[in-house]
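The values are calculated or read from the model by the stated rules, or taken from the named source; none is laboratory data. All values derive from a computational prediction rather than experimental measurement. With ideal geometry, Cβ positions are generated from the backbone for all residues, glycine too; neighbour counts draw on all protein chains shown. The protein model used for the area step is the full one, side chains on, heavy atoms only, and it has no ligands, DNA or RNA in it. Shrake-Rupley method; radii C 1.70, N 1.55, O 1.52, S 1.80 Å.
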Amino acid sequence: MMFANLQLEPKNIPLSLYIHIPWCIKKCPYCDFNSHSLPDQAPFDAYVDALLADAKSQLSFVQGRKIDTVFIGGGTPSLLPVQQFQRLFANLRLMYDFSATCEITLEVNPGTLEHAPFEEYLNIGINRLSIGVQSFDAQALHDLGRIHNPQQAANAIYSAKNAGFGRVNVDLMYGLPEQTPQKAVQDITTALQAGATHLSWYQLTIEPNTAFYRTPPTLPCEEVLAQIEADGRDLLHGQGFENYEVSAWVGLADRPCQHNLNYWQFGDYLAIGAGGHAKITLHNHHQYPDGIYRYQKSRLPKDYLNYTEAPKLINLERVADENLPFEFMMNALRLRQGVSTTVFEQRTGLLVSSIDNEMLPLQHQGLMVNDPLKIAPTPLGFRYVNHLVGKFL
């Protein structure tokens, strides 16, 4: 692969902010995210202090841009008291320039919503919720180790809509232990009836370092999984939902998650909080050569809180030119509509002709669209995204 580099201009690349709140009431058996049981004396004050010091230390990475989207993930972010969110955002807005249309998403757990009425989140500027339901089936919730029941899950969606949230995502899993197609479809129906405007609908996978990996449950066979997927797709299409990304569905009353779109379109994002991962494009920076960098923060809350001026920035590495096509495609090919070739060139600094050897055979096989202005999977290729991405390794 030969590379003719273009000049990277951060001003042409959108910038997001990810905020990680690392605590949960208890760890779910399928979860491999960076989450930790909430201690009896939760260090909320110290943690928000650390988040603000972390944010201040990354100001030079902004490179003159506004923050277009914010995503508060975890863990269970709704465990953080609303007063701490107020303090956090009041100070972040003094540091960063939030765009007028900034999308701010908060992940919430239906079992921990007693900490704040939804209206208080709206007052802070949070304008999108992502509710971690996973299922409305009582036995499935028990098997998944969730702390909420079906009624709490439905009530969380109703309450969010009644409070004034126009954009409410619901996380649902399928392929659950002993799940039938009927039960999987009923989960979708219940979410839509409660008022979900967006769904993250994804298959349960058994990940290393989880309780399910050590003691695997009995999961549906491939035939049942295929039927679940087909029936779920039919229902969602029938309700006007569009499958714009592998596991993301948006309804007519909503729009795609802009924060996740920025990930998938290889935009930039800062990260604050324990275990946060970031990607940033730098040009004429006082400390680092031009290029695209990835870095992360200490995973354990106690390590994250152990700092002098700011939580440590670890594993900062410049992405090598030869790895950029794979890194880009790993994200962009998850989008049904793909991205423009201009986006590829602006965000990698590479000419699109540098990936001709990889793209042309896939186009000839009918797996990628043959369009000089677009990089996208065909409907057939969209079903085999991992195969496509592997061709750019």
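Some values worked out for this structure:
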item: In Hz, Karplus ³J(HN,Hα) per residue of region 60-72 (6.51, -1.76, 1.60; θ = phi - 60°; x = Gly, Pro); result: 5, 7, 5, 6, x, 9, 8, 8, 8, 9, 10, 10, 9
item: Alpha-carbon spread of region 60-207, three principal axes, descending order, Å; result: 51, 30, 23
item: Candidate aspartates and glutamates - alpha carbon under 17 Å from LYS302, same-chain residues fewer than 8 apart omitted; result: ASP40, ASP45, ASP49, ASP54
item: Region 324-393, accessible area per residue, ligands and nucleic acids excluded (1.4 Å, Å²); result: 47
item: Separation between Cα centres of region 229-247 and region 125-163, rounded to whole Å; result: 20
item: Inter-site label distance for ARG255 and ASN12 at 7 Å from Cα along Cβ, in nm; result: 2.3
item: Förster radius 25 Å - calculated FRET efficiency between GLN83 and ILE314, Cβ distance, rounded to 0.05; result: 0.25
item: Carbon/sulfur fraction of accessible area - the chain, other protein chains in place, 1.4 Å, %; result: 50
item: Interatomic Cα distance distribution for the chain, bins of 10 angstrom, percent; result: 5, 21, 31, 28, 14, 2, 0
item: Cβ-based net charge around CYS102, under 11 Å, with every Lys or Arg adding one and every Asp or Glu removing one; result: 0
item: In Hz, Karplus ³J(HN,Hα) per residue of region 242-255 (6.51, -1.76, 1.60; θ = phi - 60°; x = Gly, Pro); result: 10, 8, 7, 9, 2, 10, 10, 10, 10, x, 5, 8, 9, 9
item: Paramagnetic label zone (point 7 Å from Cα along Cα-to-C-beta, TYR288; backbone N under 17 Å) in region 42-61; result: 54-61
item: Structure-based [θ]222 nm, the chain - -39500 (n - 2.57) summed over DSSP H runs of at least 4, per residue, nearest 500; result: -10000 deg cm²/dmol
item: Net charge contributed by nearby residues that have their C-beta within less than 12 Å of THR341 (K/R +1, D/E -1); result: -1
item: Beta bridges by DSSP in the chain, antiparallel share as percent, to the nearest 5; result: 40
item: Qualifying lysines (Cα of each under 26 Å from Cα of LYS66; at least 8 residues distant if same chain); result: LYS11, LYS56, LYS279, LYS297, LYS312
item: Rel. contact order, % - alpha carbon contacts under 8 angstrom, at least six apart, the chain; result: 19
item: Amide hydrogen neighbours beyond the local backbone of THR76, cut-off 5 Å, H modeled; result: TRP23, CYS24
item: The chain, dipole about Cα centre (Lys/Arg Cβ +1, Asp/Glu Cβ -1), debye to the nearest 20; result: 500
item: Rh (Kirkwood; distinct C-alpha pairs) - region 192-261, Å; result: 14.0
item: For VAL133, distant residues with modelled amide H under 5 Å away; result: ASP171
item: Debye intensity ratio I(q)/I(0), log10, region 326-393, q values 0.12, 0.27 Å⁻¹ (C-alpha model); result: -0.24, -1.42
item: Heavy-atom surface of region 136-288, accessible at 1.4 Å and reported per residue (Å²); result: 43
item: Amide hydrogen neighbours beyond the local backbone of ILE67, cut-off 5 Å, H modeled; result: ASP97, PHE98, SER99
